Amino acid sequence: MSRRLQKTLKTGAILFLLGLSLAVSIILFPKQEVAMATSNWRAASFPVENFQAYTSPFGYRPSATGGGGWEFHSGLDIAAPRGSYIRNWWTGVVIKVENRGACGTHLVIQSGQWQHTYCHMEGNVEVANGVRYMVDRAGGIQIAQGMQIPAGARIGRVGMSGRTTGPHLHWGLKYNGNHVDPAFILRSMFAQQPSGVRQARQGSSLIKQQQTQINIQESKFIRDSGY
């Protein structure tokens, strides 16, 4: 195959994916606007302690683990030191506890019409008396499938399970079964913080200025983070 033909095919593939990504955005935006307009986010929690950077945004991107392919990234990657605690974004019920696949050790929590997913956690899955548990003994965490978890509660720790090139939380959101860009929700959460207070639900620690800047940019210090 000639170089010119290869270049033409590659350009065509990129344009196709960009068009597909735009189509996905057009479909999702009305749902996100409705969801955000009818919600009070002051009860929500930022999902990671010891925040470092947003390392990979929602949407189509080149494969994070190498190769020339493209993939749909269904969440937002938030980097933090390995072992940093992960907090539940919104009060809900644990509907899935798993430790297989690209997501590694992970939880899915249902909060009304919302589902939130937390991937690449430390620990593993154990079964006792027919109940599945996510267990991280070193972190003092034991979460059972079916448990109700309040917003802000520690539900695990940042790890490197599953498909990842560095420690981070892959945080995914769905509303009525449709993927939602978590950056939209974080912007709304920060916008609703009382002026002059703007505190995260992480004890009494102030929200870092970098956390409020959800115009995603690659970290200069942390590689693109896998899943």
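Give the number of residues within the range 79-91 that are in a strand (DSSP E or B), of a type in the set (Lys, Arg) and farther than 18 Å from GLY152 by Cβ. Residues meeting the conditions: 0.
Rundown of residues vs (1) over 11 Å from GLY159 (Cβ atoms); (2) acidic (Asp, Glu); (3) modelled with pLDDT under 95; (4) buried (at least 24 other Cβ atoms within 10 Å of the Cβ), yes/no style:
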| residue | (1), (2), (3), (4) |
| --- | --- |
| ASP77 | yes, yes, yes, yes |
| VAL93 | yes, no, no, no |
| LYS96 | yes, no, no, no |
| GLY101 | yes, no, yes, no |
| HIS120 | no, no, yes, yes |
| VAL125 | yes, no, no, no |
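Taking the range 114-134, which residues are assigned to a loop (DSSP other than H, G, I, E, B) and over 14 Å from GLY172 (Cα atoms)? Hits for the range 114-134 are GLU122, GLY123, ASN129, GLY130.
Of the candidates LEU186, LEU107, the single residue that is within 18 Å of ARG42 (Cβ to Cβ), within 15 Å of the chain's Cα centre (by Cα), aliphatic (A, V, I, L, M) and surrounded by 15 or more Cβ atoms within 10 Å (Cβ to Cβ) is LEU186.
For the range 131-152, the criterion of being under 23 Å from ALA44 (Cα atoms), surrounded by fewer than 22 Cβ atoms within 10 Å (Cβ to Cβ), within 17 Å of the chain's Cα centre (by Cα) and at pLDDT below 95 is satisfied by at least one residue. Taking the range 92-113 only, how many residues are over 20 Å from ASP181 (Cβ atoms), in a strand (DSSP E or B) and not hydrophobic (A, V, I, L, M, F, W, C)? Total satisfying the criteria: 2.
The values are calculated or read from the model by the stated rules, or taken from the named source; none is laboratory data. No experiment lies behind these values; they were computed from the predicted model shown. Quick reminder, even Gly has a Cβ in these numbers, built from the backbone with ideal geometry, and neighbours come from all protein chains shown.
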